[in-house]
Amino acid sequence: MNLVDQLWTLQQIYRNENAYYDLEHDMHLHRIPANLPADRLEALAQADRMPNQMALPRHDELWGDFHALAETWTLAEAADAFIAGLWSAPFLWQSALPAKLLSQATPRHPFTPYAGSGDTCRVCGFRRKAVDITYLWYRRMTGSFPLAGDPAGYVYALREMAKSQSRPVPTAYDLWTFRAILTVIRQMPPKSRYSKTRDALQKEKLLPTSPKANYCSLLEVLALTGILDTPEHPGMATQFTTYLERDLRPSVRVEVQAPLAWWDSSIGINETALRRIFSGTDCSPVSPADRPMPVPPLSRTVTGELADRKTPRRRLPVSPDAGKGPAQAKDVYAVRIREDAWVTIYCHKVEDNYVIVEYLDGIFSEMPLKSQIISAFRPRSSGRWQAKASGLDRTSGVKRIARDIPAPRTDLTAPEKIPYATAASLKNLAWWCFPELS
């Protein structure tokens, strides 16, 4: 099983629909889909990439490893690995640079929890929680950096890089990509926030990946290192800031941490930090329109090849009792929670293009038929629950299976408040009514 095969198999496992919380062991885990071939799982095991490989890092030991691993890198080597990881090398290698700077800047310190919190260090952001080592590797390989307050994520990334017999050297195209990223940032209109900058980078398709989240992650790391920082919120190349300081935001609507939370294009690139980190690299502007031929081509990069892999999806059958037309009162729909788990919902009535729905009892391994419908509502622990749902007839994994079904009789009181929900969200909301899905 090659690298992309491993990532593709893990992609099937690490879908949101397979996540659950193990109350007994107090940790988040992922269920392995029943339709995954046994030989793929055996190959994952042989490569030591099975999911749910849980570890519980300890603060002081982790930071000892962090400093030791980071000291094996020079700043120039880490900068080269970062640039190579923009295109020709797997994304994992980008983490070398923020890891090096974070390790250099962070003073040795004891675990110092927030007031009223016993699990998060306000100096570095370390959290006392179990982590899935394979999941961390999968996330690093597919385009996500550890958050600024996640020293465990950086340590496991450095450990993965230490397994390699060599470190990547940026190609000419990698270097062009880095300069193009800087050019796009420099050319942003005044006062452009990180979201506009993220969208501009994504539009140019400068990374071998398409999700906006990956471009936002790149900006967060450029800010953490100090290239997109502010005088009041410096990056690690300028000055150490605690996790408590990095976690400050100008408003609750801002998702990213400082420095990026406070940065805009009028502040621009910190040229002093840029020269310090990339002292041997040409950082002058290029024209994104004059893009050279990518080497390797997109389809030969790890993320490009992974994106080309199609996930096999069985074509859902059409129930002979489904009927035609939009949703209406007394309809019953089946909702696919995952490949081997379905539930059903009852349609009470239609109001202003929203359908008031409620879960029915029963979990099914295949899409159920009309004859399998259970005439009983499935409440939450707090009582009956309904939602005003939209998009029932245009959402994948939501299929009508019957019409003109009488409403189940119940002695439970109907809910006083009915929230809005999309049909897609009914897959996740089902866990509140069906805790046995975990």
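The values are calculated or read from the model by the stated rules, or taken from the named source; none is laboratory data. Please read all numbers here as calculations on a predicted model, not as lab measurements. We place every Cβ from the backbone using ideal geometry, glycine too, and count neighbours over all the protein chains shown. Calculation scope for accessible area: heavy atoms of the full protein, side chains included, ligands and nucleic acids excluded. Shrake-Rupley method; radii C 1.70, N 1.55, O 1.52, S 1.80 Å.
Annotations
- For beta carbons closer than 9 Å, sequence separation of 6+ or different chains, a first residue in segment 65-84 that is closer than 17 Å to residue 143 by Cα and a second that is in a helix (DSSP H, G or I) and hydroxyl-bearing (Ser, Thr, Tyr), the qualifying pairs are 81/95; 82/95; 82/225; 83/177.
- Residue in segment 114-123 that is of a type in the set (Val, Ile, Thr) and touching a Leu at 6+ places or on another chain (Cβ under 8 Å) present: yes
- Close contacts from segment 342-356, counting a first residue that is farther than 10 Å from residue 328 by Cα and open to solvent by less than 10 Å² (accessible area, probe 1.4 Å) and a second that is at pLDDT below 95 and of a type in the set (S, T, N, Q), with Cβ to Cβ under 8 Å and a gap of 6+ residues or different chains, come to 342/365.
- Checked against (1) touching a residue at least 40 places away in the same chain (Cβ under 8 Å); (2) under 21 Å from residue 237 (Cα atoms), residue 142 passes all but condition (2).
- Within segment 30-53, the set of residues being part of a helix (DSSP H, G or I), in contact (Cβ under 8 Å) with a residue 12 or more places away in the chain and of a type in the set (D, E, K, R) comprises 40 only.
- Entry remark, segment 49-68: residues being open to solvent by less than 40 Å² (accessible area, probe 1.4 Å) and out of contact with any Pro (no Cβ under 8 Å at 6 or more places or on another chain) number 6 in total.
Here is a yes/no grid of residues against (1) closer than 21 Å to residue 92 by Cα; (2) under 22 Å from the mean Cα position of the chain (by Cα):
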| residue | (1), (2) |
| --- | --- |
| 171 | yes, no |
| 188 | no, no |
| 196 | no, yes |
| 206 | yes, yes |
| 229 | no, no |
| 241 | no, no |
| 251 | no, no |
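- Filtered by the rule that a residue be open to solvent by 100 Å² or more (accessible area, probe 1.4 Å), at pLDDT below 90 and among the acidic types (Asp, Glu), segment 16-44 gives 24, 26.
- Residue selected from segment 217-262 under the condition closer than 12 Å to residue 148 by Cβ and β-branched (Val, Ile, Thr), by the criterion surrounded by the most Cβ atoms within 10 Å (Cβ to Cβ): 225
- Filter result (more than 18 Å from residue 151 (Cα to Cα) and at pLDDT below 95) within segment 65-116: 115, 116
- Elements of type helices (runs of 4 or more DSSP H) in segment 100-216, at least 1 residues being surrounded by fewer than 19 Cβ atoms within 10 Å (Cβ to Cβ): 151-162, 172-186, 194-204
- Positions within segment 399-426 being open to solvent by 50 Å² or more (accessible area, probe 1.4 Å), farther than 21 Å from residue 351 by Cβ and outside any loop (DSSP other than H, G, I, E, B), in sequence order: 399
- Considering segment 249-263, the residues that are in contact with a helix residue (DSSP H, G or I) (Cβ under 8 Å, 6 or more places away or on another chain) and in a loop (DSSP other than H, G, I, E, B) include one that is farthest from residue 99 (Cα to Cα), namely 250.
- Whenever a residue of segment 231-248 is assigned to a helix (DSSP H, G or I), its partners that are surrounded by fewer than 16 Cβ atoms within 10 Å (Cβ to Cβ), lying with C-beta atoms within less than 8 angstrom and at least six residues away or across chains, give the pairs 244/114.
- All of 201, 228, 244 fail the test of being closer than 30 Å to residue 296 by Cα and out of contact with any Pro (no Cβ under 9 Å at 6 or more places or on another chain), apart from 201.
- Number of the exception - residue 72 against (1) buried (at least 17 other Cβ atoms within 10 Å of the Cβ); (2) of a type in the set (Ser, Thr, Tyr); (3) over 24 Å from the mean Cα position of the chain (by Cα): (1)
- With respect to the stated conditions, residue 438 fails to be open to solvent by 40 Å² or more (accessible area, probe 1.4 Å), farther than 30 Å from residue 13 by Cβ and not β-branched (Val, Ile, Thr).
- Those strands (runs of 3 or more DSSP E) of segment 276-370 in which at least 1 residues are over 27 Å from residue 436 (Cβ atoms) and in contact with a strand residue (DSSP E or B) (Cβ under 7 Å, 6 or more places away or on another chain), considering only elements entirely within it, cover 341-351, 354-359.
- Test: residue 429 is open to solvent by less than 20 Å² (accessible area, probe 1.4 Å) and not hydroxyl-bearing (Ser, Thr, Tyr): no
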